[in-house]
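Visitor: What follows is a structure written as structure tokens; I'll ask about it next.
Read the figures in this text as sums done on the coordinates, not as results from a lab. Because the structure is a prediction, the values reported are computed rather than measured. Positions of Cβ are backbone-derived with ideal geometry, glycine not excepted, and every protein chain shown enters the neighbour counts.
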Amino acid sequence: MCRIILTNRIESSIVVNANQLHFYGGMNEMKKRVTLLAAVLLFLVACTGCGKTDIEARTDSSGGNQVDQDGKLQVVASFYPMYDFAKKIGGDYAEVKNLVPSGMEPHDWEPGAQDLVALERADLFVYNGAGMEHWTEDVLNALDNQDLVVAEAAKDLELLQSEESGHGHGGHSHNHSHSLGQGDSEHSVDPHVWLDPEKAKQEMKAILDGFVQADPEHAEYYRKNYETYAGQFDTLDENYREVLQQVKNKELITAHEAFGYLCHAYGLEQQGIEGVVSDSEPDAARMEEIIQFAREHQVKTIFFEELVSPKVAETIADEVGAKTAVLNTLEGLDQEDLEKGEDYFSVMERNLKTLEQALNE
């Protein structure tokens, strides 16, 4: 059967007409599936209505995905850490696309028709899992790309369970070790595993396995790349342990509870103004709870993130006489950081310096 690949003109047409379609944002399950179906139907109608000059029929007698004209494996990553890890593994043999645009908060991001096109063309899809990308199941079920290899980076990791009260309405979570089973809700766990360097290394190993499955011809090249970066994860972990064992204070207040794995690994206590998803402002009761915690533990710094408004953090800081500082979740780098060549390791080192200074005041 021919696989239809759209040219830029047709892709643009679909994006213009389907850009407002969303897969999950605030909709119930039925509305999500109806909306997804509408996007897929629009995709197919656009294909059916175009002439032969507007499409390229792509066939492969072997049944496998064809690589790009330059011979590179086509890889799609869900958001920045997955993109960065995939780029590091793929090196010269892979072309990696990051679905979430620079500077956009991935918790709020929703895929559009152009993203379906990218996934239909891809050889490998890399995503975090653990509930981080709520749209993956519906999107993957809608694809016609039967040859797509899917790597879920957090699939086999020990996860921290999030017991949230009033999630999204000022609730907060208490994290403890929990192995996610098939019966667990994806929303009951903290997905931010990459903020623990050793867990991030395990995620990169899962991504490596995806590369080897999708492109066994270059398996040794991908394995060598992994070994190089595995050593960097170990060094980063050692640096965190050395520094954070010696800080005076062990409590930190963050904009949302994204640092549970980091705190769990290095003996810190996190209080998040919001839960694991930064999707709303906290209510008055939660604000008062955070203020009391800050005063009781003499917290001198309130952390916020580059991709969210600092307003709430600044309000709490003003109330308790503290200052604010940026602690990067790595959910997405802004354009300035990307242009400077920042990556997972450089940003995590910057986070460590920020923590060292704040927790020693």
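Visitor: Taking the Cα centre of segment 96-145 as the origin and placing charges on Cβ (Lys, Arg +1; Asp, Glu -1), which of P111, T136, N98 is farthest toward the positive end of the dipole?
Guide: So the residue we want is N98.
Visitor: If you don't mind, there's one more thing I want to ask. Any idea what log10 I(q)/I(0) is at q = 0.15, 0.18 Å⁻¹ for segment 220-361, Debye with uniform C-alpha scatterers and no solvent?
Guide: Once normalised to I(0) and log-transformed, intensities are -0.78, -1.07.
Visitor: What's the lysine pair count for segment 210-358 at a Cα cut-off below 26 Å, pairs eight or more apart or interchain?
Guide: Eligible lysine pairs with Cα atoms under 26 Å apart amount to 15.
Visitor: Amide H to amide H under 5 Å from L159: which residues, 5+ apart in sequence or cross-chain, H placed 1.01 Å off N in plane?
Guide: Excluding prolines and chain starts, which carry no amide H, the hits are H178, S179, L180.
Visitor: Could I ask something else about it? For G272, list long-range residues whose amide hydrogen, built 1.01 Å from N in the peptide plane, is under 5 Å from its own amide hydrogen.
Guide: Under 5 Å from the amide H of G272: S173, T254.
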